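Participant: Can you read through this structure? Questions will come right after.
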Amino acid sequence: MTLKEATQEIESHEFVARVNVASDFRTFLRAVAEQKVIHVLSQELAASENRQYVLNRVLELSRRKVDLRYENPWDTALTAYVWLLNVKDWDFAKIAAEAAARAPQCWWATKMAHHILLEGPVCNDAGFAQHEFMAPPSTAIVARASGAEEVILLADLLPAKDQSVVYKWHTGLSHSNPPISPVIQRWLEELPTYTAIAA
Amino acid sequence: MGIVIGAGGANDRAALPLATRRGTHIPNEKRKESAPVQRRASAELWKKERPNARLRSATAVYNCMGLVFASRRTWIDPVHLKTILKEDEYRQIAGPQEAQIGDIVVYENRRDRSVSHIGMIVEIVPKIDLPSWEITIMSKWGADGEYLHIVDDVPSQLGKPATYWTDRRLP
């Protein structure tokens, strides 16, 4: 599947139907992350020109006029693209989020933009890049994306007190208060970069 | 368009005035209807993948929580379910064996057991040959349709039936 075919599928009515059974943002993101086409696009975004392509797609879709009676038909695609850029390229993600926030009559895209512009990086725990588990699932799971430097830390499986610490560490605010478990501390020391799930 | 801070909250004029029995505002947001072409695509998809589910209504303006707690008027995030169940004086029942029509089934995500969906029981038929019940649920599948379906016949994204709740009072 080519990059263009992947974006066409993500922008299709069937894709929208499949992931919009969700009633909340987290379930929606999970549904998106589980789709095979999203895995394909995620791998394509390893290349900077492809990330530019997707960003351009966001900019174009967010400027399109829509029927004022109905929800923006590209809401799901915008959300998926902004989220993938958020995982792969934080600077592009912020640009994309600002564009998506201005797109008319969106639902999920607005929420995604809210997370990125007001709260920080957003990650989903569907683990589309899971290859190696380094901890008992009852406390936390660390996944290393194959061939990539980034790590996805499934923070929403951590105790609440660890979630906020992990998130603050990522944003550079603090990583020592409140104290966290030795297991989590070891991962934080080993990881070059990661994206934390907002609590 | 922009980002509304505190969307759905008590100070959001676009939110419906919705509250629990104790008067706590239930945050809610109204979602625009999907275009007819999208609603048709959704109906076609689930007709193919969940052929035994019966479509009652094709609309995006409410979700599963909005169906059960807001008369199909708005979207309520499942994160507020715990508050609603508590303040509307629901009690958990043991399972389908105690359930009656009008009771609620809560679905949980298979991995982390977060609430992913809810539905209302509309029919219970005993299955004498295997001692169990065939429970029919009325539930809203996100922005896709409102369906009548057997309790575990839902898209995988909606999780599995986990707990049963009732607001019934004994005389």
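Each value in this text was obtained by applying a stated rule to the coordinates, not by laboratory testing. Small disclaimer: the values here were computed from a predicted structure and weren't measured. Heads up, the Cβs are rebuilt from the backbone with ideal geometry, glycines too, and the neighbour counts pull from every protein chain shown.
Participant: Per 0.36 nm of contour for each residue apart, how much would the distance between residue B:44 and residue B:153 grow if the chain were fully extended, relative to their Cα-Cα spacing?
Facilitator: 37.6 nm
Participant: Per-residue mean of other chain beta-carbon atoms within 10 angstrom of the beta-carbon, peptide A:22-35?
Facilitator: So the per-residue partner count for this stretch is 6.
Participant: Please go through the residue pairs A:111/B:30; A:36/A:88; B:32/B:160 and name each one whose alpha carbons sit more than 19 Å apart in this structure.
Facilitator: Pairs exceeding the cut-off: B:32/B:160.
Participant: Please name whichever of B:79, B:92, B:106 sits farthest to the positive end of the charge dipole of the range B:52-171, dipole taken about the Cα centre and charges placed at Cβ: Lys and Arg +1, Asp and Glu -1.
Facilitator: B:79
Participant: Give me the inter-chain shielding for A:97-103: mean count of other chain Cβ atoms within 10 Å, whole number please.
Facilitator: The per-residue average across the peptide is 1.
Participant: Between the alpha-carbon centers of the range B:122-143 and the range A:28-100, tell me the distance in whole angstrom.
Facilitator: Using only Cα atoms to place each centre, the spacing works out to 39 Å.
Participant: Each label point is 7 Å from the Cα along the Cα-to-Cβ direction; what then is the distance between the points at residue B:101 and residue B:122, in nm?
Facilitator: Going by the 7 Å Cα→Cβ label model, 1.1 nm.
Participant: Could I ask something else about it? What's the ranking of B:161-170, A:76-85 by average number of surrounding C-beta atoms within 10 Å, highest first?
Facilitator: So the order, starting with the most tightly packed, is A:76-85, B:161-170.
Participant: Give me A:88, A:94 ranked fewest to most by other Cβ atoms within 10 Å of their Cβ, as a rough exposure proxy. Provide the component values of the computation, followed by the final result.
Facilitator: Working: A:88 23, A:94 16.
If I rank by nearby Cβ atoms, fewest first, I get A:94, A:88.
Participant: Separate question: Going by amide H atoms built from the backbone, whose H comes under 5 Å of the H on residue B:114, apart from near neighbours?
Facilitator: Close amide H contacts, sequence-distant or interchain: B:109.
Participant: Provide the packing ranking of B:28-41, A:18-31, B:48-61, i.e. peptides ordered by the mean count of other C-beta atoms within 10 Å per residue, highest first.
Facilitator: A:18-31, B:28-41, B:48-61
Participant: For the peptides B:122-129, A:98-105, what is the packing order when you average, over each peptide's residues, the other Cβ atoms within 10 Å and list the highest mean first?
Facilitator: On the way: B:122-129: 10.6, A:98-105: 20.1.
The most tightly packed comes first, giving A:98-105, B:122-129.
Participant: What is chain B by shape, rounded, prolate or oblate, if you read a ≥ b ≥ c off the alpha carbon gyration tensor as root eigenvalues and call it rounded for a/c under 1.5, prolate for a/b larger than b/c, and oblate otherwise?
Facilitator: Taking the square roots of the gyration eigenvalues as a ≥ b ≥ c, chain B is oblate.
Participant: Further question: Mind checking which lysines have their Cα closer than 17 Å to the Cα of residue B:47? Skip sequence neighbours fewer than 8 apart in that chain.
Facilitator: Straight-line reach from residue B:47, under 17 Å: B:140.
Participant: Can you give the average number of partner chain beta-carbon atoms within 10 Å of each beta-carbon in peptide B:107-116, as a whole number?
Facilitator: Other-chain Cβ atoms within 10 Å of each residue's Cβ, averaged: 4.
Participant: Tell me, what ³J(HN,Hα) does each residue in the range B:135-150 have, in order and in whole Hz, if you take phi through Karplus 6.51 cos²θ - 1.76 cosθ + 1.60 with θ = phi - 60° and put x for Gly and Pro?
Facilitator: 9, 9, 10, 9, 8, 9, 8, x, 8, 7, x, 9, 10, 9, 7, 5
Participant: Nearest 0.05, what FRET efficiency do residue B:162 and residue A:14 give at R0 = 35 Å with Cβ-Cβ as r? Could the numbers behind the result be given before it?
Facilitator: Numbers: r = 29 Å, r/R0 = 0.82.
For R0 = 35 Å, the calculated efficiency reads 0.75.
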